[in-house]
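J.: One structure is given below, represented as structure tokens, and several questions about it will come after.
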């Protein structure tokens, strides 16, 4: 992971920053709009528009900025969860 990313926990009434619904990263692409990806149960980052939907009012969740360390914890937890279901 790199300093170029901004990370967000997707939270709601039932899921806080310590147990987010999802984790999204975004970054600026020179000459283009901001790009974003969500970390998925396939244990990969995939293109997303979740932040865009939240910011435009189409989704009612919230996005809270988190640290890269928090992202590592989320990825570790999700990886363990996915592997335990296999």
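J.: Looking at segment 1-15, which of its residues are more than 16 Å from residue 68 (Cβ to Cβ) and surrounded by 14 or more Cβ atoms within 10 Å (Cβ to Cβ)?
T.: Selection gives 10, 11, 15.
J.: Next question. State the number of residues belonging to segment 28-57 that are closer than 25 Å to residue 76 by Cα and more than 13 Å from the chain's Cα centre (by Cα).
T.: 1
J.: Give all pairs with beta carbons closer than 7 Å in which a residue from segment 17-36 that is in contact (Cβ under 8 Å) with a residue 12 or more places away in the chain meets a residue that is loosely packed, with under 11 Cβ neighbours inside 10 Å; count only pairs at least 6 apart in sequence or on separate chains.
T.: 27/4; 35/29
J.: Name the single residue, out of those in segment 16-33 being over 11 Å from residue 6 (Cα atoms) and touching a helix residue (DSSP H, G or I) at 6+ places or on another chain (Cβ under 8 Å), that is surrounded by the most Cβ atoms within 10 Å (Cβ to Cβ).
T.: 20
All of the numbers you see were taken from the coordinates with simple rules; none came from a lab. Just so it is clear, the structure is predicted and the values come from calculations on it, not from any experiment. Here the Cβ is made from the backbone with ideal geometry for all residues, glycine too, and neighbour counts use every protein chain on show.
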